[in-house]
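Asker: Below is one structure. I have some questions about it.
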Amino acid sequence: MLRQKSWLIVLASVLMLSLVLAGCGGSKKNSDPNQLTFMFRGGPDEQKAYNAVVEEFKKDNPGVTVKVIQTTGDQYATKLQAAITGNSIPDVFFYNPADLKAYVNSNILLDISKYIENNKEVDLKNMWADGVNFYRYDGKEVGKGALYGLPKDLGPFSLGYNKTMFEKAGIPLPDKNKPYTWDEFIKVNQELTKDTDGDGKLDQFGTGLNVQWALQAFVWSNGADWIDSTHTKVTIDEPKFIEALQFFADMQNKYKITPAIEQAQTLDTYQRWMRGELAFFPVGPWDLSTYDRELKFDYDLIPYPAGSTGKTATWIGSLGIGVSSKTANPELAAKLVTYLSASKEGQEALVKSGVQIPNLQDMAKTWAADTSTKPANKEEFLKIVTEYGRPLPGQYTYNAEWYDLFFTDIQPVIDGKMSAADYVKQEQPKMQKLLDRAVEQDQKSKK
């Protein structure tokens with residue numbers, strides 16, 4: 001009964017959103033040349049920041065009204081899909097770059113090239129090239145051709161460490177320019193995993209990494225990947241991949257440097273990091289405002305530990321800001337996109353709010369050089385963007401269903417109940433089947 005009620009609540013919220021969008025969506029029937037709808041997602045700090053920037057946009061464009069529709073991240077995909085299905089797409093909206101091909105081929109997104117590339121107020125050369133290219137598509141290949149949006153941001157997924165914990169333990173601080181080897185990483189984590197209050201139970205741990213967002217760093221730095229260079233073959237059954245996945249699981253089950261299953265049920269690893277009980281934990285730019293406000297310890301950024309390649313690796317996330325192909329006000333909609341993504345005023349306000357790194361390179365370099373604000377080594381974010389960050393594997397294909405499946409049943413591996421070798425043997429054929437389907441969909445969409 002509770003599940004049924006929860007489902008009904010979700011359904012009701014989606015229907016309500018559909019009604020709202022139907023009343024103020026970007027349909028060409030809406031002939032008001034000064035009205036837009038803008039749909040976006042984010043946590044409380046991001047919502048506050050983007051609402052403030054939209055208000056500034058309205059001040060700079062007298063007479064313009066922007067109806068804002070905001071949701072949390074976990075609700076956004078469902079609600080955007082409801083808007084698409086209901087033919088009531090907002091004029092301007094956030095979208096996942098993994099959906100670019102499908103949205104263009106389904107005529108959901110508008111080509112805004114002429115409003116961006118001929119705009120003297122937009123300096124594309126001063127924006128991160130990878131960020132812009134995530135939203136280019138020529139009908140065959142992502143990264144080339146027309147612009148179907150601009151980046152909301154680039155989100156380099158870095159590794160943070162508890163500087164206060166290191167100093168208290170008398171352990172040398174990590175080198176910000178040289179990643180730990182895997183063996184070195186285990187050793188320092190073991191030194192920092194301890195019972196601090198003498199009750200016989202561990203209450204401080206080396207780390208606590210979420211497999212869905214942190215495994216990439218270990219797989220890539222070990223010379224492996226989920227997919228081959230042609231983006232048509234799932235490669236998780238290769239030895240270097242198996243080695244990386246097993247190492248990741250061994251951090252909990254063999255080396256005991258992460259909270260055990262029963263300990264994780266008491267407090268999740270994010271909560272433990274916030275309480276100062278973990279030595280290492282991932283840090284994204286979207287975390288900065290929360291950490292600045294709530295952390296009671298000093299922290300900084302370092303590269304992820306390196307596997308057999310000797311080189312660090314991690315991923316870069318992004319969201320696009322696109323325009324509906326059915327908007328009645330394409331020029332004004334594109335103007336809002338550029339204000340949010342590419343204007344000095346918009347970027348300064350968003351970066352000051354502590355929810356992202358600047359999209360503008362000159363601004364980003366000045367921001368990173370300011371060591372008076374935490375974390376001091378913000379330069380690590382820029383290194384990820386310019387040197388070794390990669391898109392998530394699902395972004396290379398028509399959809400990410402094959403990639404998402406990998407994480408669906410992985411918990412037994414993390415809990416030590418199944419070996420990495422057995423898991424990939426089981427999952428590779430299922431993932432390949434979904435990838436084959438994605439490749440077929442991609443080919444059909446180009447006809």
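The values are calculated or read from the model by the stated rules, or taken from the named source; none is laboratory data. All values derive from a computational prediction rather than experimental measurement. Cβ coordinates were reconstructed from backbone atoms using ideal geometry, including for glycine residues, and neighbour counts include every protein chain displayed. The accessibility values were calculated without ligands, DNA or RNA, using every heavy atom of the protein model including side chains. Shrake-Rupley method; radii C 1.70, N 1.55, O 1.52, S 1.80 Å.
Asker: Which of these, Ala217, Ala313, Ala82, has the largest mean-square fluctuation under a Gaussian network model of the chain (Cα springs below 10 Å)?
Answerer: Ranking Ala217, Ala313, Ala82 by mean-square fluctuation puts Ala82 first.
Asker: Taking a ≥ b ≥ c as the square roots of the Cα gyration tensor eigenvalues, with a/c under 1.5 meaning rounded and otherwise prolate when a/b beats b/c, else oblate, which class fits segment 378-447?
Answerer: Values: a/c = 3.30, a/b = 1.04, b/c = 3.17.
Oblate is the answer for segment 378-447, as a/c is 1.5 or above yet b/c matches or exceeds a/b.
Asker: Rounded to the nearest 0.05, what FRET efficiency do Asn210 and Arg275 give with R0 = 22 Å and r taken as the Cβ-Cβ distance? Could you check? Before the final figure, lay out the partial values.
Answerer: Values: r = 17 Å, r/R0 = 0.78.
The calculated FRET efficiency here is 0.80.
Asker: Could I ask something else about it? Within 12 Å, Cβ to Cβ, of Arg293, how many net charges do the neighbouring residues add up to if Lys/Arg are +1 and Asp/Glu are -1? Provide the component values of the computation, followed by the final result.
Answerer: Working: positive: Lys296, Lys374; negative: Asp45, Asp287, Asp292, Glu294.
Summing Lys and Arg as +1 and Asp and Glu as -1 gives -2.
Asker: Post the alpha-carbon centroid distance, segment 68-115 to segment 357-386, in whole angstrom.
Answerer: Spelled out, the Cα-based centre of one part sits 30 Å from the other.
Asker: May I pose another question? For Lys254, which aspartates and glutamates qualify as cross-link partners when the Cα separation must be under 17 Å and same-chain residues fewer than eight apart are set aside?
Answerer: Asp183, Glu184, Glu191, Glu243, Glu262, Asp415
Asker: Let me ask something additional. Could you give me D for segment 134-244, from Stokes-Einstein at 20 °C and 1.002 mPa s, where the hydrodynamic radius is the Kirkwood radius over C-alpha pairs? Units µm² s⁻¹, please.
Answerer: 120
Asker: Then there's this: Which part of segment 233-273 falls in the paramagnetic zone of Asp436, meaning amide N under 19 Å from the point 7 Å along Cα-to-beta-carbon?
Answerer: Correct set: 233-238.
Asker: Which ³J(HN,Hα) values in Hz, rounded to whole numbers, follow from the phi angles of segment 132-147 under the Karplus curve 6.51 cos²θ - 1.76 cosθ + 1.60, where θ = phi - 60° and Gly and Pro get x?
Answerer: Working through the residues one at a time gives 5, 5, 4, 10, 9, 7, 9, x, 10, 9, 6, x, 10, x, 6, 8 Hz.
Asker: Note down the relative contact order for the chain as a percent, whole number, built from C-alpha pairs under 8 angstrom at least six residues apart.
Answerer: Working: 799 pairs, mean separation 103.8, N = 447.
Worked out over the chain, it gives 23 percent.
Asker: Which whole-number percentage describes the relative contact order of segment 111-185, with Cα contacts under 8 Å and a sequence gap of 6 or more? Before the final figure, lay out the partial values.
Answerer: Details: 56 pairs, mean separation 15.5, N = 75.
Taking the mean separation of contacting Cα pairs over the length of segment 111-185, I get 21 percent.
Asker: Can you tell me how much longer the chain between Glu167 and Arg390 gets when fully stretched, taken as 0.36 nm per residue apart minus their C-alpha distance, in nm with one decimal? Let's see the in-between values first.
Answerer: Values: separation 223, 0.36 × 223 = 80.28 nm, distance 3.24 nm.
In short, 77.0 nm is gained.
Asker: Quick one: Karplus J couplings for segment 429-441, per residue in order, coefficients 6.51, -1.76, 1.60, θ = phi - 60°, nearest Hz, x for Gly and Pro?
Answerer: x, 5, 5, 4, 4, 5, 5, 4, 5, 5, 4, 5, 4
Asker: If you don't mind, another one. With N residues in segment 300-405, what two-decimal value do you get for its Cα radius of gyration over 2.2 N^0.38 Å? Don't skip to the end; give the middle numbers.
Answerer: Working: Rg = 17.2 Å, N = 106, 2.2 N^0.38 = 12.9 Å.
Ratio of Rg to 2.2 N^0.38 Å for segment 300-405: 1.33.
Asker: In a GNM of the chain with a 10 Å cut-off on Cα contacts, which of Ala369, Ala102, Ala169 has the highest mean-square fluctuation?
Answerer: Ala169
Asker: While we're on this one: Under a Cβ-Cβ cut-off of 11 Å, what is the net charge of the residues other than Asn119 that fall near it, where Lys and Arg count +1 and Asp and Glu count -1?
Answerer: Values: positive: Lys114, Lys120, Lys335; negative: Glu117, Glu121, Asp123, Glu331.
In short, -1.
Asker: Amide H of Ile69: which non-local residues (sequence gap of 5 or more, or other chain) have their own amide H closer than 5 Å, using H built in the peptide plane?
Answerer: Phe38, Met39, Phe40
Asker: Sort segment 59-137 into rounded, prolate or oblate with this rule: let a ≥ b ≥ c be the square roots of the eigenvalues of the Cα gyration tensor; rounded if a/c is under 1.5, and if a/c is not under 1.5, prolate when a/b is larger than b/c, oblate otherwise. Display every interim value, and only then the final one.
Answerer: Working: a/c = 1.80, a/b = 1.23, b/c = 1.45.
It comes out oblate by the Cα gyration axes.
Asker: In addition: Quote to one decimal, in nm, the extra length available between Asp298 and Asn87 on full extension: 0.36 nm per residue of separation minus the C-alpha distance between them.
Answerer: Working: separation 211, 0.36 × 211 = 75.96 nm, distance 4.87 nm.
In short, 71.1 nm is gained.
Asker: Which far-off residues, 5 or more places away or on another chain, put their amide H under 5 Å from the one on Leu154, with H placed in the peptide plane?
Answerer: Correct list: Ile357.
Asker: Can I ask one more? Lys59 to Asp199: FRET efficiency via 1/(1 + (r/R0)^6), r the Cβ-Cβ distance, R0 45 Å, to the nearest 0.05? Display every interim value, and only then the final one.
Answerer: Numbers: r = 57 Å, r/R0 = 1.27.
In this case the efficiency is close to 0.20.
Asker: What ³J(HN,Hα) values, in whole Hz, does the Karplus curve 6.51 cos²θ - 1.76 cosθ + 1.60 give for segment 342-358 when θ = phi - 60°, with x put for Gly and Pro?
Answerer: In residue order, the calculated couplings are 10, 8, 4, 5, x, 5, 4, 5, 5, 5, 4, 6, x, 10, 6, 8, x Hz.
Asker: With every protein chain present, what accessible area does Ile186 have (1.4 Å probe, heavy atoms only), rounded to the nearest 10 Å²?
Answerer: 10
Asker: For segment 138-178, what is the accessible area per residue in Å² when the probe is 1.4 Å?
Answerer: Numbers: 1870 Å² over 41 residues.
Normalised by residue count, the accessible surface of segment 138-178 is 46 Å².
Asker: Could you work out [θ]222 nm for the chain from helices alone, using -39500 (n - 2.57) per DSSP H run of at least four and dividing by all its residues? Round to the nearest 500 deg cm²/dmol.
Answerer: -13500 deg cm²/dmol
Asker: Once the piece of chain linking Lys446 and Thr230 is laid out straight, how much longer is it, given 0.36 nm per residue of separation minus the C-alpha distance between them?
Answerer: Details: separation 216, 0.36 × 216 = 77.76 nm, distance 1.74 nm.
Taking Lys446 through Thr230 to full extension adds about 76.0 nm, to one decimal.
Asker: Now for a different question. Please report the spacing between the Cα centers of segment 116-156 and segment 267-339 in Å, no decimals.
Answerer: 20
Asker: Looking only at Ile261, Ile108, Ile414, which one moves most when the chain is put into a Gaussian network model with springs between Cα atoms under 10 Å?
Answerer: Most flexible of the set in this elastic network: Ile261.
Asker: Assuming a ≥ b ≥ c are the square roots of the Cα gyration tensor eigenvalues, decide whether segment 235-349 counts as rounded (a/c under 1.5), prolate (otherwise, with a/b larger than b/c) or oblate.
Answerer: On the way: a/c = 2.57, a/b = 1.69, b/c = 1.52.
Prolate is the answer for segment 235-349, as a/c is 1.5 or above and a/b outweighs b/c.
Asker: Checking the cross-link filter: which lysines have an alpha carbon closer than 23 Å to that of Lys178, excluding same-chain neighbours under 8 positions apart?
Answerer: Within the straight-line cut-off, Lys178 pairs with Lys163, Lys168, Lys187, Lys240, Lys311, Lys365, Lys374, Lys378, Lys383.
Asker: Convert 20 °C to kelvin, take the viscosity as 1.002 mPa s, use the Kirkwood radius over C-alpha pairs of the chain as Rh, and evaluate the Stokes-Einstein diffusion coefficient in µm²/s, rounded to a whole number. Numbers along the way, then the final one.
Answerer: Values: Rh = 23.4 Å.
The calculation lands on 92 µm²/s.
Asker: Straight-line reach only, C-alpha to C-alpha below 20 angstrom: list the aspartates and glutamates that Lys444 could link to, leaving out same-chain residues fewer than 8 apart.
Answerer: Here the aspartates and glutamates satisfying the reach criterion relative to Lys444 are Asp99, Asp138, Glu141, Glu401, Asp436.
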